[in-house]
Amino acid sequence: MAWSGRAARLGHRTRRALRGKRAWVWAAALLVALAIFPTVAPVYHVALALALLADVALASAWTLFSGPTRYLSLAAAAFYGVGAYGNALLGGRLGWSASIGAGAAAGALLSLPVGLLALRLRGPYFAILTFGLSELVRHTVIWYESNVTGTVGRVTVLPVERRTIYWGLLAIAVAAVVAAMLVRRSRWGLALVAIGGDEERAEVLGVRPTGVKVAVFALSAALMGATGAAIAPRWTYIDPLIAFNPLISFQVIIMALLGGVSRPAGPVVGALVLGLLSEIFLLQFRYAYMIVLGVVLILVVLGLPHGIMGWRAEERTEELVRRLRWALARRIPRRFAMRRRHQLFINGEWQDAPSGRTFPDVNPATGEAFTRIPAADAETARRAMDAAERARAEWSELLPAVRAGVVLKAAQIWERRSDDLQAMLTTETGAVRAKAAFEVGYCAELIRHAAALTYQASGEVAPSNVSGKINYFVRKPVGVVSVISPWNFPYILTLRAVAPALALGNTVVLKPSEETPLAGGLMVAEVFEEAGVPPGVLNVITCSREDVEAVGDVMVTHPAVGVVSFTGSTATGRRLAEKAGRHLKRIVLELGGKSPIIVLEDADLDLAVSAAAFGGFFHQGQICMAATRLLVEHSLADALAAQLVEKLGTLKMGDPSDPQTAIGPITSPTQLAKIQAHVDDAVAKGAKVLIGGRSRGPYFEPTLLTNVTPQMRCYYEETFGPVVALTPVKNADEAIRLANDTPYGLSAAIITGDPKRGMALAERIQSGIVHVNDSTVHDEPHAPFGGIKGSGLGRHGGRAAIESFTEIRWISLQTERRHYPFDR
Ligand code: NAD
């Protein structure tokens, strides 16, 4: 079975590789055909091809900068012209190939003053200014030629053969198209697209927008200058009026727009279409050509705003942005890379850790520390607590609508920043795209749901045994909520406590996991800061493993703390619960799990396989609800094992930013070592590996074990990785007995063709959550989420969140004079 899975994976990889190679083979064949064209074609066709190549080079070079931005340059004729005219000035002194370099340099140099003068202006302003400047250059050259040197029109003395010019232009055109492709795929390309709409967004990508604009504008101008220099000897006479003809600018722009600017192929197609038209019409019907050009321009602008190659340009641009973001996610720590010094968020201010110490934040896929995070100590935690305590009264007294407004705004900002948030999950935790998209999307709902809680913390009016007394049982915020969150679903597990706690009128001190200080903490702070939480209402402190004990101590024992909301391992939860007990603090604990899926013999096998694959291996099994135990009735066990192995064999493991990837890296090397140790221990004690079993770099293969016994570590302990044990069972009773044979009790699932029986069996499972005919991994914002036994205490979600983050107070009103025993 393992072999068939591997073979399927190998086949898949080979097909992908071949598919990729086919494009290269086609490109190489096309280049060879283009290169030999002038040696076999008649002169007229070579001349025509030569003109078309120049058009392709110009249109592609123009698109390089003006395509993705809103900086529509009308200086194409000037850049092309200085390149072309340079030949006339330097003719004889420089060879033709050297003059191409000089033309490129002249174009780039001219672009610098144009760019520096005009790069603050966009759209029509930029177009007008660049046009004006290019006209200035044109008239200066013409004036100089006719009045100073008296040499209007110079004979180019370079006798360059048509074929040589063709090859030179072919190289420049290819360079322009390749440059357009490379720039688009790079961080710069993304920055340029972002500059089109929002320069700040470009900065988020870790680039300086001005630098990118100037550099790409200069590259675009250099390619146009080189084109001018290359084609100049096609004529024997350079007329400055021709070289600097503004019509060239319009023609180039129409070509680019006609073909479409959203893909590098767009300007090529546009140049070929319009280039052919112009060669045919311009030569034969000079005026008719102008009319045709005008009509085409109107048609392009009105009817084909995205060009004939860009029907779905908007979507494509969005897709491009998305792809680039994901490609960058591995390497660029987004907005936070920009902020060279990450800071703690205390009392509404971003500030350094007073000790100045920092700790590394590591990308699990590359193993690189992509940034450093401030390491708060106990004293800083105390300051955060004090700030939260000071902000408490005012925040809790705000009208529900005001608090709800802030929380709803946070949901909006969350959705707006969805791309950044998803990318950060990939960078910081190795989340594959599906997981990142799911988590970020879910959180928007979660925050919105929390906003509604502001109206739901209702109490009761109760009767009294004393006449004239009215009893009110009212819900009040607990004060300061300490939130300590883990790394596996940093947004959800942070926000499911932070958002309701804030909505219900508490203030919060949040300490994210040291593995996810940005996703679990500082990004959340950014969103709520922008949403307008007042200073001190949300405070985020990050700390390293060395300080966590001391910081955690303050988070639990500080006098201001009303409730501790902890999500993490059972061992840490137990320690914190002991501390909380000593200080009489309420604590909500969401801890580990060892969740089973019971598959009964009447189950839909296909559903069982899918539920097991998703439940056991989504996010590499690093989920508290992960279905790590499959308890399958004998008659189905072999078939289920075989189908699951086959499915696991098709899951692509690797780069989490690749949309095809299903299995990303394990979040930390310690975790990876623990998973391997669990599997090795099981194998040494007699477990059989049906598939997987090994780590590869930062990844761990999806692993299915059988013959797992209570002597093995992975039987009772949480592995927290992509490792599932399949155990055949005699009947439902044995399945229930084994399901309950665990120190945990978080989630469970039963898959059966008899839903009524499933519901009855669900009640016999000792677990906070049981899903019938579904996987174990499922949560909804309004559902009471939490475990029993070693999986925790208390609940999050919906009404349970109201109970967790408010306390009930009894207030009574005596409406008539009461008589006490001491009254006479
Ligand atoms: P962990 O217990 O190592 O850490 C959780 C959090 O506690 C982190 O923020 C960490 O910095 C902090 N912490 C560690 N020691 C502390 C101390 N002495 N005082 C105060 N804080 C301290 O867990 P983890 O490795 O981050 O997360 C994985 C675990 O979380 C797994 O066991 C998983 O099952 C569990 N988990 C449970 C749920 C749930 O809802 N039940 C959800 C997700 C994860």
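The numbers here are math on the coordinates, done by the rules we state, and not lab data. Not measured: the values here are computed from a predicted model. Virtual Cβ from ideal backbone geometry, glycine too; neighbours counted across all protein chains shown.
Here is the link list: Lys435/Lys476; Lys647/Lys688; Lys435/Lys685; Lys688/Lys730; Lys469/Lys585. Which ones come out longer than 27 Å on Cα distance? It would help to have the intermediate numbers written out before the result.
Numbers: Lys435/Lys476 36 Å; Lys647/Lys688 18 Å; Lys435/Lys685 34 Å; Lys688/Lys730 20 Å; Lys469/Lys585 32 Å.
Violating the 27 Å Cα-Cα cut-off are Lys435/Lys476; Lys435/Lys685; Lys469/Lys585.
Taking amide H positions as placed in the peptide plane 1.01 Å from N, state which residues far from Leu630 in sequence (5 or more) or on other chains have amide H under 5 Å from it.
Here the answer is Ile597, Ala725, Leu726, Thr727, since their amide H atoms fall under 5 Å of that of Leu630.
Mind putting a number on the dipole of the chain about its Cα centre? Charges go on the C-beta only, +1 for Lys and Arg and -1 for Asp and Glu, and I need it in Debye to the nearest 20. Can you show the working numbers first?
Numbers: 84 positive and 68 negative charges, 200 e Å.
Value, rounded to 20: 960 debye.
Arranged from highest to lowest average of other beta-carbon atoms within 10 Å per residue, in what order do the peptides 73-83, 415-425, 496-506 appear? Please report the intermediate quantities before stating the final value.
Values: 73-83: 31.1, 415-425: 21.6, 496-506: 28.1.
So the order, starting with the most tightly packed, is 73-83, 496-506, 415-425.
I need the phi-derived Karplus couplings for the stretch 811-818: 6.51 cos²θ - 1.76 cosθ + 1.60, θ = phi - 60°, integer Hz, Gly and Pro marked x.
10, 10, 10, 8, 9, 9, 4, 8
Can you list the DSSP H helices in the chain whose Cα atoms extend at least 27 Å along the helix axis and whose mean Kyte-Doolittle hydropathy is 0.0 or higher? Don't skip to the answer; put the middle values down first.
Details: long enough: 2-40 (56 Å, 0.27); 43-66 (34 Å, 1.65); 96-118 (32 Å, 1.47); 123-143 (30 Å, 0.87); 162-185 (34 Å, 1.19); 209-231 (33 Å, 1.44); 265-284 (29 Å, 1.78); 378-397 (29 Å, -1.17); 433-453 (30 Å, 0.45).
Helices meeting the span and hydropathy rule in the chain are 2-40, 43-66, 96-118, 123-143, 162-185, 209-231, 265-284, 433-453.
Among Ile254, Ile666, Ile750, what is the fewest-to-most ranking by other Cβ atoms within 10 Å?
Numbers: Ile254 22, Ile666 27, Ile750 30.
Ranking Ile254, Ile666, Ile750 by Cβ neighbours within 10 Å, fewest first, gives Ile254, Ile666, Ile750.
Suppose a student asked you for the relative contact order of the chain, using Cα pairs under 8 Å spaced at least 6 residues apart; what percent would you report? Don't skip to the end; give the middle numbers.
Numbers: 1740 pairs, mean separation 99.5, N = 824.
Relative CO of the chain lands at 12 percent.
What nm distance separates the two modelled labels at Leu34 and Gln412, each placed 7 Å from Cα along Cα→Cβ?
4.9 nm
How far apart, in nm, are two points set 7 Å out from the Cα along the Cα-to-Cβ line at Tyr125 and at Arg70?
Between Tyr125 and Arg70, the label points sit 1.1 nm apart.
Contour minus end-to-end for Asp680 and Asp741, with contour as 0.36 nm per residue of separation and end-to-end as the Cα-Cα distance? List each step's numbers first, then the result.
Values: separation 61, 0.36 × 61 = 21.96 nm, distance 2.24 nm.
Stretched fully, the Asp680-Asp741 segment lengthens by 19.7 nm.
Using a 10 Å cut-off around each Cβ, can you sort Phe720, Phe131, Phe489 from fewest to most neighbouring Cβ atoms?
Lowest to highest Cβ neighbour count: Phe131, Phe720, Phe489.
From a point 7 Å beyond the Cα of Arg382 in the direction of its Cβ, which residues of the stretch 352-368 have a backbone N at a distance under 16 Å?
354-355
Taking the square root of 5 times each eigenvalue of the Cα gyration tensor, what semi-axes in Å does the equivalent ellipsoid of the chain have, largest first?
Details: eigenvalues 825, 243, 98 Å².
They are 64, 35, 22 Å, listed from largest to smallest.
Would you mind calculating the gained length between Thr709 and Phe822 on full extension (0.36 nm times residue separation, minus the Cα-Cα distance), in nm to one decimal?
Numbers: separation 113, 0.36 × 113 = 40.68 nm, distance 7.14 nm.
Length gained, Thr709 through Phe822: 33.5 nm.
With unit charges on the beta carbon (Lys/Arg positive, Asp/Glu negative), name the residue among Ala404, Ala381, Gly225 whose Cα is farthest towards the positive pole of the charge dipole of the chain.
Final value for the positive-end residue is Gly225.
Could you check the spin-label model distance between Ile291 and Asn245? Points 7 Å from the Cα along Cα→Cβ, value in nm.
So the two model labels end up 2.0 nm from each other.
Using mean Cβ contacts within 10 Å as the protection proxy, how do 265-276, 787-798 order, highest first?
Working: 265-276: 23.2, 787-798: 21.4.
Packing order, densest peptide first, comes out as 265-276, 787-798.
Test of understanding: what is the full-extension gain from Glu161 to Leu117, defined as 0.36 nm times their sequence separation minus their Cα-Cα distance?
Numbers: separation 44, 0.36 × 44 = 15.84 nm, distance 3.95 nm.
Roughly 11.9 nm would be gained on extension.
Rounded to the nearest 20 Debye, what is the dipole magnitude of the stretch 452-532 about its Cα centre when Lys and Arg each give +1 and Asp and Glu each give -1 at the C-beta? Don't skip to the end; give the middle numbers.
Working: 5 positive and 6 negative charges, 104 e Å.
Charge dipole, the stretch 452-532, about its Cα centre: 500 debye, nearest 20.
Going by how many other beta carbons lie within 10 Å of each one, how would you line up Thr628, Thr572, Thr542, Thr151, fewest first? Present the calculation step by step, with values, prior to reporting the outcome.
Working: Thr628 28, Thr572 18, Thr542 31, Thr151 13.
Arranged by neighbour count, lowest to highest, Thr628, Thr572, Thr542, Thr151 become Thr151, Thr572, Thr628, Thr542.
Rank Val148, Ala739, Ala78 by how far each Cα sits towards the positive end of the charge dipole of the chain (+1 on Lys, Arg Cβ; -1 on Asp, Glu Cβ) and give me just the farthest.
Farthest towards the positive pole: Val148.
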